[in-house]
Amino acid sequence: MRIVSLCLVTLLAAAPPADAQAPFRRDAALEAELTRLASEVDGDVGIYVRHLKTGHGALIRADELFPTASMVKLPILAATFQRIHDGALAFDSVLVWGDSLRYGDDDGLVNNLKPGTPVPLNQLTLMMITTSDNAASLWLQALVGGGAAVNEWLHANGFDSTRVNSRTPGRRPNWEVYGWGQTTPREIAELLARIRDGRAVSRPASFQMYRHLTRIHWNGEALSAIPPWVQVASKQGSVDRSRSEVALVNAPSGDYLFSVITRNQRDTTYAPTNQGYTLIRRVSALLWRRFEPGLPWTPPDGTAAYTP
């Protein structure tokens, strides 16, 4: 354990820049295994995988549009940090919660604050990611200039498919199909990779965003199949007919990146046995076995009692 931990620290300290990463190489055997797992879902499945050190990866409908659900908070985070970088917002500023910001009967912590409660902006960004707080996310979306401003950032940074639809003028038809946001498995994963590499907004901004993304409360799917001593940056999404997660694993043998998104699922339950949730866990477990064969790991019995 100690040797593994020391190796991990060394790898993270010497994390290679984007231009030192291996070119993408499609792995037919891995893709076949993932296709078999995807076939067990009654609905559409998109998967993108890339091992940053070796380039080995897989594509399953990786460039088709899927709902983001709460993964849309990743581009909202990037747009917020862009405003901080530009001087329009301050990371340590204190905002004030008001009734006009309330988001229906959402049960998130921010939505249930008393009017007049002070909220530091840096806690708002953290809660948007860590607990996926919807009210925090919509508040930040408004602060940066709305969904249109987030979409401008995406366009300017080369993301042609990922967009915010909710509360964004002209995008109601997209909202009716995809909900709050839309993306492709490849694009949402590569946005996370850009943050990891220090190439989103600025290096200091990227690194603070990455810290946010490694402090996830909802750890019952992809994270549950990875040893808890391994750092993972991730974001999850869930609406009735779609389940999704994007993750970048700082694994001992080299970082790897993946995203799994479903759409048109017939299984709309929110139980852990939901087909989409099950798929994400199985994909994550498969990738850990594939990329870290010398470090087998499975969650211990009783883990479910301690999973949010």
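Below are the figures for this structure:
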| item | result |
| --- | --- |
| Cα extents of segment 118-185 along the three principal axes, largest first (Å) | 35, 25, 24 |
| Three principal axis lengths of segment 25-117 [C-alpha, angstrom, descending] | 56, 34, 19 |
| Longest to shortest principal axis, alpha-carbon extents of the chain, angstrom | 53, 44, 40 |
| Estimated D of segment 162-308 in µm² per second, where Rh is the Kirkwood radius over Cα pairs and Stokes-Einstein applies at 25 °C, 0.890 mPa s | 150 |
| Total formal charge among the other residues, if their Cβ is under 12 angstrom from that of Gly147, Lys/Arg +1 and Asp/Glu -1 | +3 |
| Directionally averaged projected area (convex hull, Cα atoms, segment 216-276), nm² | 4.2 |
| Cα pair distances in segment 64-144, grouped into 5 Å bins until the bin that holds the longest one, percent each | 3, 15, 27, 25, 17, 8, 3, 1, 0 |
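Coordinate-derived values only; no laboratory data. If you're wondering where the values come from, they're calculated on a predicted model, not measured in any experiment. For neighbour counting, all protein chains shown are included, and Cβ atoms are generated from backbone atoms with ideal geometry for every residue, glycine included.
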